[in-house]
Amino acid sequence: MSFDEIIDRFGTHSVKWDMMESIYGVPAKDGIAMWVADMDFRPPKCVSDALVKMNDMGVYGYYGDDAAYRDAIRWWMKERHNWTVERDEIFTTHGLVNGTAMCVDAFTKPEDGIVLMTPVYHAFAKVIKAAGREVVECQLALNDGRYEMDFDAWETQMKGHETMLILCSPHNPGGRVWTRDELQGVADFCKRHNLILVSDEIHHDLVFAGNTHIPMANVDSSIADRLVMMTATTKTFNIAGSHSGNVIIADPALRAKFGARMAALGLSANSFGLFMAEAAYSPEGAAWVDDLVVYLDGNRKILDTAIADIPGLASMELEATYLSWVDFSGTGMGREEFTRRVEKDARIAVNHGPTFGTGGENYLRFNIATPRARVQEACERLAEAFSDLQ
Ligand SMILES: Cc1ncc(COP(=O)(O)O)c(C=O)c1O
């Protein structure tokens, strides 16, 4: 398949395309959807073949015997991430927002503080607040246009009632692949403050050449009794509609607690997600991901070059993810004005920075996982919308 193919997603219940007009006022007629984090590409053939096979058989009953599914996950984590996972460590949740909510439910109590390194993926705060817990923001330091961890500053931002930290690794929206030292710093911080560490690694496969993602589980074995890992096929293979994710817990005591909450809520997996995951975590799936990352890297370079050509705009250098974080503060414009230009003049739907927490005020997030011609069109429209700055 070619990632260049333009697939019309209108009228398919695509939140990204079918709702951009009602949410952002970006016209369906000629708008470009660069917000929600899914891709405008079909998954690899092995994944759609699995669904075709299921459909050809035609009976959609209860799923049983998930050994091959668990082994596919184990194979992928070992092969792609050098991480050894055991079968019984794996839980399947309804995606990782659900996985996060389940961790909050299982390991914290109402009014506890939960630490987020902001700006960060907005659903974390949404889930924490909805569950009656408090978000404690530890802000990422911005050094030379790159986010870095600032443990000294974070010591002063802690309030004393925190019981959990949620790490986003690689980082959405900054695109950082955290180094081993940084991850060790997070492990030490969690030990120092006695926090459960939930490591959301949903973007772990979308890492650009020259960077290596290190699973938190491989960083420090002394935190195994406080560590919860979260991974999924959904970002990697563009199958987010399957609402499927894995919460992987090595520690038996944590696992018992998590399993008890899953049982209490009557949660079990959707068979479509399991069929797709088993097909995706395969050599064919791996080859597709390798091609995808090269393609995304090309898109990233095109957007970065175009942004660099507009005075006052700066995109963060992505080490991973297809979500480009663009800083508009150099324009001297207020948020309403630069957002209006992007949405009304350039007709591009993007995510607004403030939803990611403190530090996001002057940013917009652009999803570049779309055919290259669209990225190029978006770049031309941005140049035009900010042409007075040239
Ligand atoms: C860090 C992170 N976690 C979780 C999700 C969503 O997970 P799911 O669709 O499995 O609920 C996203 C989607 O953008 C994300 O960026």
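Quick one: in the range 240-261, of everything that is within 16 Å of the ligand (Cβ to nearest atom) and in a helix (DSSP H, G or I), which residue is farthest from TRP83 (Cα to Cα)? Give the steps one after another, and end with the answer.
First pass over the range 240-261, keeping only residues within 16 Å of the ligand (Cβ to nearest atom): 240-248.
Subsequent filtering for residues that are in a helix (DSSP H, G or I) retains 240-242.
Numbers: ALA240: 23, GLY241: 26, SER242: 24 Å.
Going through the qualifying residues, I end up with GLY241.
Under the condition of being within 16 Å of THR234 (Cα to Cα) and touching a Phe, Trp or Tyr at 6+ places or on another chain (Cβ under 8 Å), the residues counted in the range 47-68 number 3. Restricting LYS109, LYS126 to residues that are loosely packed, with under 15 Cβ neighbours inside 10 Å and either touching a residue at least 24 places away in the same chain (Cβ under 8 Å) or not aromatic (Phe, Trp, Tyr) (or both) narrows the list to LYS109. Here PHE272 meets each of (1) free of Cβ contacts under 8 Å to residues at least 60 places away in the same chain; (2) assigned to a helix (DSSP H, G or I) with one exception, condition (1). In this structure, LYS159 does not satisfy being at negative phi, surrounded by fewer than 18 Cβ atoms within 10 Å (Cβ to Cβ) and in a helix (DSSP H, G or I).
Does SER221 qualify as being away from the ligand (no atom under 13 Å from the Cβ) and assigned by TED's automatic domain parsing to the domain that holds ASP181? Working first, answer last.
Numbers: away from the ligand (no atom under 13 Å from the Cβ): yes; assigned by TED's automatic domain parsing to the domain that holds ASP181: yes.
Answer is yes for this residue.
When restricted to residues that are in contact (Cβ under 8 Å) with a residue 12 or more places away in the chain and closer than 20 Å to THR231 by Cα, the range 288-308 contains 4. What do you reckon, is LYS159 in contact with a strand residue (DSSP E or B) (Cβ under 7 Å, 6 or more places away or on another chain), away from the ligand (no atom under 16 Å from the Cβ), farther than 27 Å from TRP288 by Cα and of a type in the set (Lys, Arg)? So LYS159 passes the test. Here ALA33 fulfils each of the conditions (1) surrounded by 21 or more Cβ atoms within 10 Å (Cβ to Cβ); (2) more than 15 Å from the ligand (Cβ to nearest atom); (3) aliphatic (A, V, I, L, M) apart from (2). Among the residues of the range 309-331, is any without any contact (Cβ under 8 Å) to a residue 12 or more places away in the chain and either in a helix (DSSP H, G or I) or not assigned by TED's automatic domain parsing to the domain that holds ASP225 (or both)? No, the conditions are met nowhere in the range 309-331. Counting only helices (runs of 4 or more DSSP H) wholly contained in the range 40-150, the ones carrying 2 or more residues that are within 16 Å of the ligand (Cβ to nearest atom), touching a Leu at 6+ places or on another chain (Cβ under 8 Å) and of a type in the set (A, V, I, L, M) occupy 122-130. Among the residues of the range 250-273, those that are in contact with a Phe, Trp or Tyr (Cβ under 8 Å, 6 or more places away or on another chain) and not basic (Lys, Arg) comprise LEU254, PHE258, GLY259, MET262, ALA269, SER271. Go through (1) loosely packed, with under 15 Cβ neighbours inside 10 Å; (2) under 18 Å from MET230 (Cα atoms) one by one and return the number of the condition LEU167 breaks. Exception for LEU167: condition (1). Every condition in (1) of a type in the set (A, V, I, L, M); (2) more than 22 Å from ALA286 (Cα to Cα); (3) more than 16 Å from the ligand (Cβ to nearest atom) holds for ALA209 except the one numbered (2).
Against the condition of a type in the set (Gly, Ala, Ser), in a helix (DSSP H, G or I) and surrounded by fewer than 16 Cβ atoms within 10 Å (Cβ to Cβ), how does ALA378 come out, does it pass? Spell out how you get there, then give the answer.
On the way: of a type in the set (Gly, Ala, Ser): yes; in a helix (DSSP H, G or I): yes; surrounded by fewer than 16 Cβ atoms within 10 Å (Cβ to Cβ): no.
When the stated conditions are applied, ALA378 does not pass them.
Taking into account only those residues within the range 315-348 that are among the small types (Gly, Ala, Ser) and surrounded by 19 or more Cβ atoms within 10 Å (Cβ to Cβ), which is farthest from the ligand (Cβ to nearest atom)? By that ranking, first place goes to ALA346.
If you filter the range 349-375 down to residues that are touching a helix residue (DSSP H, G or I) at 6+ places or on another chain (Cβ under 7 Å) and in a loop (DSSP other than H, G, I, E, B), you find that the one that is surrounded by the most Cβ atoms within 10 Å (Cβ to Cβ) is ILE368. Contact annotation: residue pairs with Cβ atoms under 9 Å, 6 or more positions apart or on different chains, pairing a residue in the range 131-153 that is among the basic types (Lys, Arg) with a partner that is outside any loop (DSSP other than H, G, I, E, B) and modelled with pLDDT of 95 or more, are ARG133/VAL104; ARG133/GLY113; ARG133/ILE114; ARG133/VAL127; ARG133/THR163; ARG133/MET164.
Looking at (1) within 16 Å of the ligand (Cβ to nearest atom); (2) over 30 Å from ALA232 (Cβ atoms), can you tell me which one LEU296 breaks? Unmet condition: (2).
The values are calculated or read from the model by the stated rules, or taken from the named source; none is laboratory data. Note that the coordinates shown come from a computational prediction; the quantities given were computed from them, not determined experimentally. Every residue, glycine among them, receives a Cβ derived from its backbone with ideal geometry; neighbour counts consider all protein chains shown.
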